[in-house]
Structure formats: structure tokens, C-alpha cells
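The values are calculated or read from the model by the stated rules, or taken from the named source; none is laboratory data. Being a predicted model, the structure only gives us computed values, none of them experimental. Glycine gets a Cβ as well: all are built from the backbone with ideal geometry, and neighbour counts include every protein chain shown.
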Amino acid sequence: MAKDYIVQTTSRPGAATAIGQPVDRIDGALKVTGRARYAYEHRLDRAAAFGYILGASIAKGRILEIDTGDAERAPGVILVMTHRNAPSQAAFGPAVTPTVPEVFTRARPVLASERIRYHDEPVALVVAETFEEARGAARLIRLRYASEPGAFDAAAPNAEIYRPERTNAGFPTDSILGDFDRAFAEAPVKLDAVYATPFESHNPMEPHAAIAEWDGDRLTVHTSAQTLANIQAGLANTLRISPQNVRVISPFIGGGFGSKLIVHPETVCAALAARVLGRPVRVALTRQQMFANAGHRPAMKQRIRLGADRDGRLTAIEHEVTSSTSRFEEFTEQSAVPTRALYAAANRRTMHRLVRLDTNRGEWMRAPGEASGLLALECAMDELAEQLGLDPIELRIRNEPERDPERNVAFSSRNLIACMRDGAERFGWRDRPVKPGSRREGRKLIGYGMAAAIRANYLGPGSARVAIDARGQVTVQADMTDIGTGTYTILAQVAAERLGVPLSAVKVELGDSSLPRTAGSGGSWGASSSSTAVHNACLILREQIASAAASHERSPLRGANISEARFEGGKLHLGSRSESLGSLLERIAPDGLMAEGSAARGETYRTYSQHAFGAHFAEVAVDIDTGEPRLRRMLGVFAAGRILNPKTARSQMIGGMIWGVGAALMEETVLDPRHGHFVNRDLAEYHVPVHADVPGVEAVFLPEEDDKGNPLGAKGIGELGNCGSGAAVANAIYNATGVRVRDFPITLDKIFPELPVG
Amino acid sequence: MKPFTYERAAGLREAAAAVAARPGTKFIAGGTNLIDLMKLEIEQPIHLVDINRLPLRLIEETPEGGLRIGAQVPNSDLAADMRVRRRYPLLSQALLSGASAQLRNKASTAGNLLQRTRCPYFYERGMPCNKRDPGSGCSARGGFNRLHAILGASEACIAVHPSDMAVAMTALDARVETIQSDGRTRAFPLGELHRLPGTTPHIETTLAAGEMITAVILPPPPPGRQLYRKVRDRASYAFALVSVAAIVDVAAGRIRSARIAMGGVAPKPWHSAEGERALAGRAAGDEICAAAADAALSGARAEGHAAFKIELARRTLRRTLAEAAQDV
């Protein structure tokens, strides 16, 4: 099979290539010309049949009868698969996996029993020659259910609240330092507020999709995934086959945002049907099906209590999160975890509690923890600043910790104050209306708000291969994914710089599980982890080239001292001599050379508290008659280590900031507590910001050196943009109107009743 | 999607006859609403009659000084027409506040009038909906009904009509021209096109089987200042929570006449004669606008999440009327 997913720049030779330069995406031309094929579009030698999933119309209960006769007889239908005839799969298992990593790899069977665990859970897969035939036949399946009452309201008086054993990513459920209750009771200035955040849905532009093909016992899946190893392991565990027999291919991904970290029903359905039929089968979730079947952010109530002295020094911080979870599989978004590192206070307590609902499980939606947690904490800080009569920036400066306040280790780097000061200057923060509701332009109330951003910096273990051929052409290979972030481009930049070759000499091949394994794209670690592996591979390769050049009998550089090797301008320089890599390799290694490098989380992750920081500033206008809240402009200033590519990084940041605007103003997946279904499950009714909602969003990076996380000095940025940005918008609305809305999203109906009439 | 057959209509009368001849036949024009509903199998026509090539794409002057808008004029073209922009700015504003540029390029004038509700329960096939499955019940009552009606609803249905264009046309006192399967034509006020749900929310218009809208007639532009104000949850590409079309004619500080219609609040574009009467002949000013808004909403009631819309509509009306009543 010819590979059509090797990506190479089409830009002119001589364009800036170095790490830190705003290089154009090397996959850009493929994408804008439609040559980058996404999962569902992949072409195989054999025609793939089309599968369509039919979802349950109840949220809890069981299937009593399922009549597939009419569907089976419908034109073009090849297979109707239900729990009665689906191949046997591994059992789902307990609600909590024994270890943290297993949540990513556990078996996730579909069509496995007559039990219905959530609304729209797959109950049948119809496979036909065309999509329309499959969808049309699905309508002919007749089902009779025994519906059971379920829990769909986390605020219900009889809600089952419990304490999980750990949060997502393995953080402790609770943290306690000092004596919060006493310090809070004694604090002269107090804040006690509850913030509610709704269910939210990721909805990447490319829905979840897969084409599965079997060759004997070997399964190949073309899908849209962030982390191929998880999909491979998840499929292997579900189908009870060896992971070696599963190949996952995902070269281009139309957005993931955490919704494509694990195997989902469409992929398992495709694999099962392809096995039964002995021919490739493709299945995609419809947009409507995404809402229940592709993860969501859980709904939460977050209580924040802050105690401070009259100078604004915090003495007590408490963050208590009560979140929805699924009865059959636990997910605990770690929303109070960022509070453990953001501000100093001697007495502190954070807690996570869960309420079991009969919905599907929540998943990792962009910045799990920070996105929701900072919406609460950073609004609370704004409220406290007002009580104290302090500028919100000054309050934060007064509570800047010298060391991580709960872990008692140093920060690897922390430039929050610099971000706030720089942002205040650029944004014109001094013009902020001091008194809420005091600035009016025509029928609009104008307000400014700010919030801090913090996002944990991780490194995911993995490796990468870098090869150089006899013409000096470089190929980078890894099972890493580019989910729209720019991974192809930055890996090419790293290899080009480390090997001293132009960008046009570097090809990048990603998204194939047969390539060296990485931790994929997730947790904002993709860039640091994979570029560290590429960097290390390049160092090894350089040594191989230099050694061979110094020792090979046909080498013009024979006998040179390799400690003086420099790779620049497409040449190897050894002392005063140099030779182009092409002509050198041709002589010393006609078959080329190859090296594998790896990245691993080092000791510094234990000995330092590692985070990226930032500050968001927003200006809003609120209509005095209708309460319509609209963003006017927004600025984010970030300190996130070394920025590998300011152009792709900027896109990440403004995308994240806009995500926060959506969370503040409009995003909400409504769960009907009577039926347990998500009501507004399409993009007409699930609102995300459109262009008109996000004028003037800008992001700035401050230079930052941080050598603790990885050799490139980079920190994760994929999620930093939506950490705190929603709170900046919420605080601006308060500043504009004097109306504090703690129930997100802040829609106009929560504002206008408090505004004057006339 | 259920399999269906398709034909391209040869003429106006033939189109109407073809739809009248077989139950389950529908016209298709821009398809921006029908095709979505067919994919979800909420609409399940067995036969489609494509009317896109019928000669209904002209905007013509009428002898009376108004405009005759062909049923197939795309929303984009109508909004951009200089005669519309100069003489009926309200209509242009309303059109441009609806949908997206891509949808407006495809959506036709008559199709816009006949688009169906966005009630999420109408879209949820597994749930009762009297509009989709007559007699099955209304899931929106007692459910998530923030987007629902405060005027003209019934026990059986609280869904709203989603059009902006139709609200502006209602304020402009537009008439609808149709042709029936036997070739007869008729024209009637737009206000008589949509029915209130009563006990039969699945019957949405007064059109006979096969009766096809051929044009919308705008009377000569009424005197006064025209304004369309749409209130929604995001700045673009969202249906109205409340919209107001207002035309107020003021001379020497006195309101000579007013036209008021509202969108997003009722099962049909809502014409408020009460509001108009409250304004006519009165001295212009904020108080009279407030009184007119109160009059327009005197019959409003809401259950559940839509309760806020009554006050929102009142505030939006008051402000829009006050702006329209300003002497220019």
C-alpha cells in the first residue's frame, strides 16, 4: 500500500526553518487542496461497506425485543448486527480500572448485551453498500424496551454523592494543608460562593470515524485518533487479540480536544462488522451521535471559600468540586487540582466528589481540571478583589507563592506576574472602569476583566526515528499525531535544525502505529514529548554520521576529531573541513543511517512543580436592554517556555481563548432529567462562538527559559489558552454590569433582569 | 433517509398538480431545511417535486409601487436588492440576521416562510411530539423549553416559528400569492398563511394540498422608520430568542401609525395589533413605547424556561419602538 501520508514542506528553500521561527504548516498545502485524507475518506483496494449505528431511545433499561427482519431485507443491506449476533468481546469491567493508565486501554465492547446504560448507546449496526441504505434500513429495526428509572439530575435530593479514590490522571482526591476551617472562620475578609458549570461537548469538526479491514487475524483501522497506542490496546483488549495484530493509522485528524484519546463505538463496530463480513467496513458517528457517544465535560458545582486578611493576603483556600459521573464508568475531572498550585495560603483544602448518573462517562475535554476549575477559582478571586477594594492583578501579586504551596517544591519557572503586568500594559488595563456598571456607550455597558492561567506541564514517554538517506534527505517517523496543532511542522523544524539541513530536506511520517510509539497528542504534552524524542534521535544520528565520516575509508573527512562536528547548511563541518551530507552519505553509508531517540519523564517532574502560566484580559459590551453579552476584544499573555513555532502556537492559544469564551457565554449540553438524553445535540442548538463572537483575540508569548522539563525548554500550550479565559470574560461581564452570574454559561436571561429598565 | 422519487417540475401548475396528486409528495426548493429533516427521517416524503427551475426568481415592481418577490428568489439576493435595501430596509436587516451566508444563498423566499420549527423535541424521533407524530404528546412542555413560545401556543404544542424574514414581511403587511393544482391562483395576507397549533400542531399552514406559493407581494413601503432587532445567544448564526420588526411613523412629535411584528415568541410571525393601537395617534415618547410593549405582551404566558422571554420581549419592544419613533 502506497503511503499518502508522508508530509513535506512545499515552501521555498531558504525559508526560515529554525526552532522558534514562525514556519508555515508543512501539511498546509495538502489540507487546503483536499489531498490530506481523513479517516472516513481513506481509500482501500477493496470497497468498504458502510455501517450506520442505531442508538437506544431510552437511557436505562434493557432491550426486550429487537426485530431486524425488515432491515435485513432492505435494499443493499449486508449485515444487521445486534447484541444477539455480534462476535463475542471482552467484558466491560469495573467502573474504576485497577490502575490509572488502564482507563485508556480497557475493553470497550459494543452491542454486547441487552442492557442499555445511556441514551443513544448503540443497539444495532446496519451495514450496507451505501451510507443511505444503511441509514434507511436502521429506521426499519423495531425495538421494544423495558425502561427503568434512572438518575439524571446531579442536584436531585436523592443524588448518590460519593468520594472517588483518585481523580483523573491519578491525583489525590483531596488535599489538606493546615487548618482551613479555623483560618476561614478567623479571616476578616471572606468569600463563599458556588459556581455551576454545565455539561459541555467537544465536537471536533471531524466526527469520530473508522474504516476497519482484516487480513487474516490482522486488523488495520484507519481512524481519527489522538493517541494510537490507546486505540490499538483498546481494540486488542475488546476483541481479545494481540496488540501486535492491530495496526492503527491516523495521519490527519480534524480536531480531537480530548475526545479521541480512547476507542469509541464506531471503531469497535467497524472492526466487528469487518470481521464478520470479511470485507472492510466504515463507520462514522453522526454529529447528533457525538454528544452521547464521544465524551463530554461533566456538569459540576464548585464551592470556593477564600479567607484573607485586610491586605488581601489569603489565609485560607478551599475548593470543593461535586461533579457528575457515569454509573458504569467513573471519570473525575480534577477541577480543584490547579488550585493546589496557583496561590499561596497556609491553610487549604481541596476535594472532589461525584454524583452517579445514568449517562455515558465524561472524558478529557480540553484542559480537564483547569478549564472548569479556573472558571470558578478565578471568578472567586475577582469577587474577593472587589470586597477588598484591590485591583484583581494586585490581589494575585500579593498571593504569589514562592514555591508550590502544596508540594513544597520549587517551580521550574513561573512568570505569572510578568504575564499579568505585560498584559495590563498592552491591554490598557488602567482604563478599566473601577466601579462595576459605570461605563456606558450608547445602549452598551462596557467592562474589563482578567484572570490568571495555569496549566500543568507534562511529558509523555515515547520515541521517534530519524533516518537520513544517501542523498541527505531526512525522514522523521513516529506514531505521533497532528490533531491540527502543527506537530508535522515542529518536528520537521527540530530535525532540520539539529541536522543542519533545510526544511525542504525533511519528510515527516506520523499517525501509524507501526512507527515508534509515542504518548500521542493529549495533556498538552505532544510537542514537548515528540520533539524531545526527535531531538534525541538527531543527536544519535549526528554522532553516527560524524563517527562514520571520521573513520570511513572513503570519507573526505577521515581522521577528523568528531568532538568538533557541526551540522550546518546541509553540511557536516569537522574542524576546518566540510562536506555536504548528500555526497558524504553516498560514500560512507549508501543505505543511509537511522537512529531512534526517546523521551521520558525525568526526576525533575518530581523535584519541580512544572506549569505554564498566563494572564487573560477581556473587554465586553453588554446590551442594557436585553443583557446580550458580547466580547469586544481579548488578549492573552503567556509564559510557556520556549515556543517552537510562534505561528502554530498562536493558533493554539487563540483557539483555546475562544474555547473559554464559549464556556463563559454559550456552551451547554442540556440533559433532560426526565428522559436522560442530551436535548440540544446538534451544532444549530449547541452554540460555540462564531466569528462575530470573537473579534480581536490576540495572544502574546513572553520569552521564557525553562530547562527542567525537556532539552528543548518547551512547555505544553495546547490547553493553556482555555485555562482561565472564560473567567476573564465572566469578570468583564461583572465589571460591565455589576451582575455576578455564577451559573455558566452566562446567557442574557441571567443578566438582563438585574439591569435597569429604560 | 427513506428512498424517494424525484421529478423536476415543468411548470407552475404541473408542480402543484404533482404534489396534490400523491400524499407524501413535497416541493423541494433550496432544501436547506427539508433535506436536514429527511436525513433525520422527521420528514419522509415519498416523492419530491423540484421547483428550482420554475420562473419564480424575479423581483418586480408592482403597479401600486410595491414589490413582487418571486417564491424562488434566494434570501441573499432579496437582502441585497437595492430596492429592498432602500424602501424596505427592515426586510433586508431581517434576512441578513438569519442563518449563514451559505444558507441564505440556497434558501428561497417561499421556503423560508415554510421552514419548520427548531424545537429540539421535534428533532428527537424517540420522543413524543404532536407536530411530528400527532397525538403522541408534547415533550417540550415540562422539558427544556427555553426557546419556546410565549404567545399563541397551545396545550398540544409550544414550538416557535424560526423565520426572521417572515417577521419583517408581517410588519410590512405582505401578501402571499399561490397557485393550486387546478391552476387557480389566489392572494391573501401573510398573516393568514400560518395557523396557530391548537389541537393540530402538525397542520402548520392554510395551504391546500399541492398549493404552491409563487410570490410574496410587498405593498408600497409604509411611511415611517423601519427597524429589525434580533436578540439571540450569540452574535450570528443563532435563532432569535426574541425579535422585533417595527415601523413607526412620527410627524411633529406625534405617532401617525405603527406596525409591529415579533419573532421567536410564537408559532407564527406574530403581528401585534394591540401594540400598534396603543401607539397610533399618541405623542412619541418612552412612556407610550412602554405602554405599547405592555399591550403587545398582555396575552403572553410561558411555562418553564421561556418565562424570561416575556420580559425580554417587553424590553426589546420598548427599546426598538423608541428608536423607530425617533425623529430623523
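Here is how the numbers come out for the structure above:
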read-out: Filtered residue count, region A:395-432, keeping only those that are out of contact with any Leu (no Cβ under 9 Å at 6 or more places or on another chain) and under 23 Å from A:GLU698 (Cα atoms); value: 11
read-out: Qualifying positions in region A:141-175 - β-branched (Val, Ile, Thr) and surrounded by 12 or more Cβ atoms within 10 Å (Cβ to Cβ); value: A:ILE141, A:THR167, A:THR173
read-out: Number of positions in region A:622-658 that are within 30 Å of B:LEU321 (Cβ to Cβ), aliphatic (A, V, I, L, M) and either away from chain B (no Cβ under 14 Å) or out of contact with any Leu (no Cβ under 7 Å at 6 or more places or on another chain) (or both); value: 1
read-out: Single residue of region A:573-603 satisfying the filter (part of a helix (DSSP H, G or I) and out of contact with any Asp or Glu (no Cβ under 8 Å at 6 or more places or on another chain)) that is farthest from A:SER531 (Cα to Cα); value: A:ARG587
read-out: Verdict on B:ALA291 being at the interface with chain A (Cβ under 10 Å from one of its Cβ atoms) and surrounded by fewer than 23 Cβ atoms within 10 Å (Cβ to Cβ); value: no
read-out: Residue match in region B:99-108 (condition: closer than 18 Å to B:GLU211 by Cα, surrounded by 24 or more Cβ atoms within 10 Å (Cβ to Cβ) and touching a Gly at 6+ places or on another chain (Cβ under 9 Å)); value: yes
read-out: Test: residue in region A:129-139 that is outside any helix (DSSP H, G or I), touching a Phe, Trp or Tyr at 6+ places or on another chain (Cβ under 9 Å), over 28 Å from A:THR325 (Cα atoms) and not polar (S, T, N, Q); value: yes
read-out: Number of the exception - A:SER555 against (1) farther than 30 Å from A:GLU363 by Cβ; (2) part of a helix (DSSP H, G or I); (3) hydroxyl-bearing (Ser, Thr, Tyr); (4) in contact with a helix residue (DSSP H, G or I) (Cβ under 9 Å, 6 or more places away or on another chain); value: (2)
read-out: Residue count for region B:128-138, restricted to those that are within 12 Å of chain A (Cβ to nearest Cβ) and of a type in the set (Lys, Arg); value: 0
read-out: Any pair with Cβ under 7 angstrom, 6 or more apart, that starts in region B:299-328 at a residue that is more than 13 Å from chain A (Cβ to nearest Cβ) and crowded, with 24+ Cβ neighbours inside 10 Å and ends at one that is of a type in the set (A, V, I, L, M, F, W, C) and part of a helix (DSSP H, G or I); value: B:ALA325/B:CYS289
read-out: Residue within region B:17-34 that is assigned to a strand (DSSP E or B), more than 14 Å from chain A (Cβ to nearest Cβ) and among the polar types (S, T, N, Q) present; value: yes
read-out: Single residue of A:ARG398, A:ARG426, A:ARG414, A:ARG421 found to be within 25 Å of A:THR350 (Cα to Cα) and under 29 Å from the mean Cα position of the chain (by Cα); value: A:ARG414
read-out: Candidates A:ARG43, A:ARG25, filtered to the one that is in contact (Cβ under 8 Å) with a residue 60 or more places away in the chain, away from chain B (no Cβ under 14 Å) and within 33 Å of the chain's Cα centre (by Cα); value: A:ARG25
read-out: Residue under evaluation B:VAL231, criteria (1) under 26 Å from B:ILE69 (Cα atoms); (2) in contact (Cβ under 8 Å) with a residue 60 or more places away in the chain; (3) within 14 Å of chain A (Cβ to nearest Cβ), criterion not met; value: (1)
read-out: Exclusive hit being part of a helix (DSSP H, G or I), more than 14 Å from chain B (Cβ to nearest Cβ) and either charged (D, E, K, R) or farther than 19 Å from A:VAL501 by Cβ (or both), set A:ALA612, A:ALA618, A:ALA546, A:ALA550; value: A:ALA550
read-out: Subset of region A:464-493 [among the small types (Gly, Ala, Ser) and over 17 Å from A:ALA29 (Cβ atoms)]; value: A:ALA464, A:ALA467, A:ALA470, A:GLY472, A:ALA478
read-out: Members of region A:659-676 that are more than 7 Å from chain B (Cβ to nearest Cβ) and not β-branched (Val, Ile, Thr); value: A:TRP659, A:GLY660, A:GLY662, A:ALA663, A:ALA664, A:LEU665, A:GLU667, A:GLU668, A:LEU671, A:PRO673, A:GLY676
read-out: Qualifying residue in region A:681-688 (condition: over 30 Å from A:ARG606 (Cβ atoms), within 7 Å of chain B (Cβ to nearest Cβ) and not in a loop (DSSP other than H, G, I, E, B)); value: no
read-out: Those residues of region B:282-317 which are under 21 Å from B:GLY152 (Cβ atoms), touching a helix residue (DSSP H, G or I) at 6+ places or on another chain (Cβ under 7 Å) and of a type in the set (D, E, K, R), in sequence order; value: B:ASP294, B:GLU311, B:ARG314, B:ARG315
read-out: Which listed residue is surrounded by fewer than 24 Cβ atoms within 10 Å (Cβ to Cβ), within 14 Å of chain A (Cβ to nearest Cβ) and under 22 Å from B:GLY264 (Cβ atoms), from B:ARG195, B:ARG125, B:ARG141; value: B:ARG141
read-out: Qualifying positions in region A:122-134 - crowded, with 22+ Cβ neighbours inside 10 Å and either farther than 20 Å from A:GLY76 by Cα or not acidic (Asp, Glu) (or both); value: A:PRO122, A:VAL123, A:ALA124, A:LEU125, A:VAL126, A:VAL127, A:ALA128, A:ALA134
read-out: First in region A:690-706 and more than 13 Å from every other protein chain (Cβ to nearest Cβ), second anywhere and among the acidic types (Asp, Glu), Cβ under 7 Å, 6 or more apart; value: A:LEU702/A:ASP422
read-out: Residue match in region B:80-88 (condition: closer than 16 Å to B:PRO267 by Cα and either within 14 Å of chain A (Cβ to nearest Cβ) or free of Cβ contacts under 8 Å to residues at least 12 places away in the same chain (or both)); value: no
read-out: Residue, surrounded by the most Cβ atoms within 10 Å (Cβ to Cβ), within region A:311-337, restricted to residues that are closer than 12 Å to A:ASN168 by Cβ and among the small types (Gly, Ala, Ser); value: A:SER335
read-out: Residues (within 14 Å of chain A (Cβ to nearest Cβ) and of a type in the set (S, T, N, Q)) located in region B:241-274; value: B:SER243
read-out: Residue pairs meeting the criteria (Cβ under 7 Å; at least 6 apart or on separate chains; first on the phi > 0 side of the Ramachandran plot, in region A:561-590; second assigned to a strand (DSSP E or B)); value: A:GLY570/A:SER580
read-out: All positions within region A:709-758 that are part of a loop (DSSP other than H, G, I, E, B), within 19 Å of A:GLU667 (Cβ to Cβ) and within 14 Å of another protein chain (Cβ to nearest Cβ); value: A:VAL741, A:PHE744, A:PRO745, A:ILE746, A:THR747, A:ILE751
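Quick grid of which residues meet (1) part of a loop (DSSP other than H, G, I, E, B); (2) closer than 25 Å to B:GLN93 by Cα; (3) at pLDDT below 95; (4) under 13 Å from the mean Cα position of the chain (by Cα):
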position: B:ILE158; (1), (2), (3), (4): yes, no, no, no
position: B:MET169; (1), (2), (3), (4): no, yes, no, yes
position: B:VAL176; (1), (2), (3), (4): no, yes, no, yes
position: B:ARG229; (1), (2), (3), (4): no, yes, no, no
position: B:ARG234; (1), (2), (3), (4): yes, yes, no, no
